[in-house]
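The values are calculated or read from the model by the stated rules, or taken from the named source; none is laboratory data. Bear in mind that the values here come from a model prediction, so they are computed numbers and not experimental data. Note that each Cβ is placed from the backbone with ideal geometry, even for glycine, and that neighbours are counted across all protein chains shown. Just so you know, the surface numbers come from the protein's heavy atoms only, side chains and all, with ligands and any DNA or RNA stripped out. Shrake-Rupley method; radii C 1.70, N 1.55, O 1.52, S 1.80 Å.
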Amino acid sequence: MTLRVAVVGSGPAGSSAAETLAKAGIETYLFERKLDNAKPCGGAIPLCMVSEFDLPPHIIDRQVRKMKMISPSNVEVDINIRNDNEYIGMCRREILDGFMRDRAAKLGAKLINGTVHKLEIPTNNKDPYTIHYADHSDGSLVGTAKTLQADLVIGADGANSRVAKAIDAGDYNYAIAFQERIRLPEDKMAYYNDLAEMYVGDDVSTDFYAWVFPKYDHVAVGTGTMRVNQASIKQLQAGIRARAAKKLMGGEIIKVEAHPIPEHPRPRRVVGRVALVGDAAGTVTKSSGEGIYFAAKSARMCAETIVEFSNGGTRIPTEADLKVYLKRWDKKYGLTYKVLDILQTVFYRSDATREAFVEMCADEDVQKLTFDSYLYKTVVPANPLIQLKITAKTIGSLLRGSALAP
């Protein structure tokens, strides 16, 4: 027999899973509702993703080496990447996703332009899952009703995952991100050539941060806030537009976007022979809101587990087999998520603590530790003296934050 795996969703998560499975010779079906989809997203990726996922230079719009952190009282802290060969990649999701999807298809994944409407669950551990979908290959929006059977299903269909609903994976809290793409005059765009900005303050985000990220010929200007505050999202967007007004003068809005961002993993990420990855599983980090790398990485680890436990596609993995992927994921990244959760709780709770956060970012040791962790996804422990210094700096900044706050 040949194992059949259906991957629903072809963002970085779905395409990464499909590529890994196809390379192993496993019969892989990759579903995507909209092939020209441009997911609303800041689009920042760490350097390690470029090498790990073999991403070519042409899909990276900007190589950002400078970050500007801006506090509620408009104190600016410059953070620079000092090594010439290091940078944060800025991408447009329509370009990144399209490249990864096309590569998976070239390697053997069967790409289906279709909307999955229903996942029919088998009554035993051996029978296949039946996927009911609308095939849009004829160009119509309604599509043609079709079905496909698969032994395993990977849900990579985002925060509003239909696969997650089908397996009763449980709900999770989420944030709302709102973003405007703004085309700037040449002189204004030159300022953002290799620079990204992050703003904090109650006026731009109640519990997160706002950003100005450079893209190919425009900047992405956006903010995020938890679901409970979503009614104020446009007011917060007006706040970031006001804070960055001089730098955005003469800009033209070319696109307005909004999307949900998971705030923690779903209660159940593997049920039966169905596994969730990326946003569908809830792999976005707190504090930074980073999701692209972790989506692709979780999907690759899931697919690698399937290849391993299927003996290269010759047997059907069980629920217990698929849960090995979760154990490996949680072991590798559990601490990272916990630390970022604590940082968000400590530093994003008031303007006073946000002032402290920005002040702390001025320290070179903090910057080095932060960039090393972000760019390479490995935390290299500092020596005890530096760790002690950072701890003291954190406490001192928090104490002074109340005095610095406007």
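Using only Cα atoms and rounding to the nearest 10 degrees, what angle (0 to 90) does helix 364-376 make with the longest principal axis of the chain?
10
At 1.4 Å probe size, what's the solvent-accessible area of PHE347? Round to the nearest 10 Å².
The accessible area of PHE347 comes to roughly 10 Å².
Solvent-accessible area of LYS110, probe 1.4 Å, all protein chains present, reported in Å² to the nearest ten, please.
Counting only protein heavy atoms, LYS110 exposes about 90 Å² to solvent.
Pick out which of ARG183, ARG92, ARG82 has the largest mean-square fluctuation in a Gaussian network model of the chain, springs linking Cα atoms closer than 10 Å.
ARG82
Nearest 10 degrees is fine. How inclined is helix 319-347 to the longest principal axis of the chain, computing both from alpha carbons?
10
For the chain, build the charge dipole from Cβ charges (+1 Lys, Arg; -1 Asp, Glu) around the Cα centre, then report which of GLY9, LEU343, THR123 sits farthest towards its positive end.
The Cα lying farthest towards the positive end belongs to THR123.
Rank SER287, VAL200, LEU152 by how far each Cα sits towards the positive end of the charge dipole of the chain (+1 on Lys, Arg Cβ; -1 on Asp, Glu Cβ) and give me just the farthest.
LEU152
For Cα pairs less than 8 Å apart in space and 6+ apart in sequence, what is the mean separation divided by the residue count of the chain, i.e. the relative contact order in percent?
Working: 879 pairs, mean separation 82.5, N = 406.
Relative contact order comes out at 20 percent.
In degrees from 0 to 90, rounded to the nearest 10, what is the angle of the helix 292-309 Cα long axis to the longest principal axis of the chain?
30
Please calculate the 1.4 Å probe accessible area of ILE233, with all protein chains present, and give it to the nearest 10 Å².
That residue has around 20 Å² of solvent-accessible surface.
When only the heavy atoms of the protein chains count and the probe is 1.4 Å, how do LEU375, LEU326 rank by accessible area, highest first? Intermediate results must be reported in sequence, preceding the final value.
Numbers: LEU375 0, LEU326 20 Å².
Largest to smallest exposure gives the sequence LEU326, LEU375.
Just tell me which lysines come within less than 21 Å, Cα to Cα, of LYS327; anything on the same chain fewer than 8 places away is out.
LYS286, LYS297, LYS338, LYS377
Taking H placed 1.01 Å from N in the peptide plane, check which residues at least 5 places from ARG62 or on another chain put their amide H under 5 Å from its amide H.
Result for ARG62 returns MET90.
Take every Cα pair under 8 Å in the stretch 219-305 that's 6+ residues apart, average their separations, divide by the length, and report that relative contact order as a whole percent. Present the calculation step by step, with values, prior to reporting the outcome.
Values: 63 pairs, mean separation 15.5, N = 87.
Here the relative contact order equals 18 percent.
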